[in-house]
1. Which net charge results when you count Lys and Arg as +1 and Asp and Glu as -1 among the other residues whose beta-carbon is under 12 Å from that of Ala163?
2. Under 12 Å from the 7 Å Cα→Cβ point of Arg253, by amide nitrogen: which residues of the stretch 145-189?
3. Given Leu51, Asn117, Ala146, which one lies farthest toward the positive end of the charge dipole of the stretch 43-172, if we put +1 on the Cβ of every Lys and Arg and -1 on the Cβ of every Asp and Glu?
4. For Asp232 and Glu95, what does the FRET efficiency come to when R0 = 30 Å and r is the distance between their Cβ atoms, rounded to the nearest 0.05?
5. Highest mean first, what order results for 73-86, 238-251 on Cβ atoms within 10 Å?
6. Given labels modelled 7 Å from the Cα in the Cβ direction, how far is it in nm from Asp105 to Gln213?
7. Over the chain, with a Gaussian network built from C-alpha contacts below 10 Å, which listed residue (Ala46, Ala177, Ala66) shows the highest mean-square fluctuation?
8. In whole Hz and in residue order, list the ³J(HN,Hα) couplings for the stretch 184-194 that follow from phi through the Karplus curve 6.51 cos²θ - 1.76 cosθ + 1.60, θ = phi - 60°; x for Gly and Pro.
Amino acid sequence: MSRCLTTVWKKWFGKTDNGSKLYAGLDPVRVPRHVAIIMDGNGRWAQKRGLPRPFGHRAGAEALRAIVRTAAELGVGVLTTYAFSTENWKRPAEEVDLLMKLFSDYLDNEIDELGANGIRLRFSGQTDALSPGLRAKIAQAEATTAANGGLVLNIAVNYGGRAEITRAVRLIAADVASGALAPGDIDEATISRHMYTAGLPDPDLLIRPAGDQRLSNFLLWQAAYAEFWFTDINWPDFRPEHLIAAVADFQRRDRRFGGLTR
Ligand code: IPE
Ligand code: IPE
Ligand code: MG
C-alpha cells in the first residue's frame, strides 16, 4: 500500500458496521484497538515560534480535540493520552500550575461534546495528588460519561509506569497479607488487573511525536508488544492525517508476538 496518505485522509468514505467513519486505504478490520500517544513537543513548538512555553501547551490541548474525534471515527476502542507524568513535577511551579489549569479547562470545555459523542472518560495516574477541585472534575467526568459505549478516552495524568507497577505490587501484597490471594496464584492477568488500565486492552500502537524515541515512563507494563510510531512533528502540529499515517503504518507491520508469521 504505497498510496499517498494525504489522499487517504481526504478520501474517507462510508461508515463501518459499528457506525465509525472509514478512511480509504485503511483496513477497517485491523484498526488498533488501543492507541497511546505521548503528547510531547509543546515547549519546542512554542520555542520555534519565539513564544513562551504556555502557548505550546495551549496549542497542544487544542490539537487533542481533532485527534480524539478522528480516533472515534476510525473505530479505535481506547485512546490513551499522556498529559502529565510523575516526573513533570520537576518543572517550574508556574508551568505545572498552567498545565493543571489547562487540564481543568479541557474538562470544563470538552465534557459536553465528548459525552454527546458517546466518549467515555477515564483517568490513569495518581489523581489523589491533584488539587481537590481537579479531582472533583475528574470524578464528575468519569461519572457523567460512564455509561457511554464509544471511544474510551483514557487521560494519563500524574502517571508514571514505575509508580503504577509499585502501586500494583502493594495492592497485591496486601491481598496476600490478608490471605485473600496465594503467591502462587499471582499471574500476569493479576498484575494487569491491578494497573490503572484494568479492563482495557494493551496498547497496539504507541505514538510519540517531537522526535524523541523513548517511553519516558509511559505504560511500561502494557506496551510489551505495542508497535511504536515516531515523528519529528511537535504535538501541537499533530493532525488527523498523522494519526491516519500511523494507523496505516501499523497495518503494514508484521506482529509476531514472539511466534512466526505464517
Ligand atoms: C509535552 O510537551 C507536555 C508535557 C510534558 C506536560 P513538553 O512540555 O514536554 O514539550 P518539550 O518536550 O519541552 O518540547
Ligand atoms: C513525556 O514527555 C510526558 C508527557 C508528554 C506528558 P516529557 O517531555 O516529560 O519527557 P522527557 O523528559 O523528554 O523524557
Ligand atoms: Mg517534552
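1. So the surrounding residues net to 0.
2. No residue passes the distance filter.
3. Result: Leu51.
4. 0.85
5. 73-86, 238-251
6. 3.5 nm
7. With Cα springs under 10 Å in the chain, the top fluctuation among Ala46, Ala177, Ala66 is at Ala177.
8. After applying 6.51 cos²θ - 1.76 cosθ + 1.60, I find x, 8, 6, 10, 4, 5, 4, 5, 4, 5, 9 Hz.
Read the figures in this text as sums done on the coordinates, not as results from a lab. Bear in mind the structure is a predicted one, so any value in this text is a computation, not a measurement. Every residue, glycine as well, gets a Cβ built from its backbone with ideal geometry; the counts of neighbours run over all protein chains shown.
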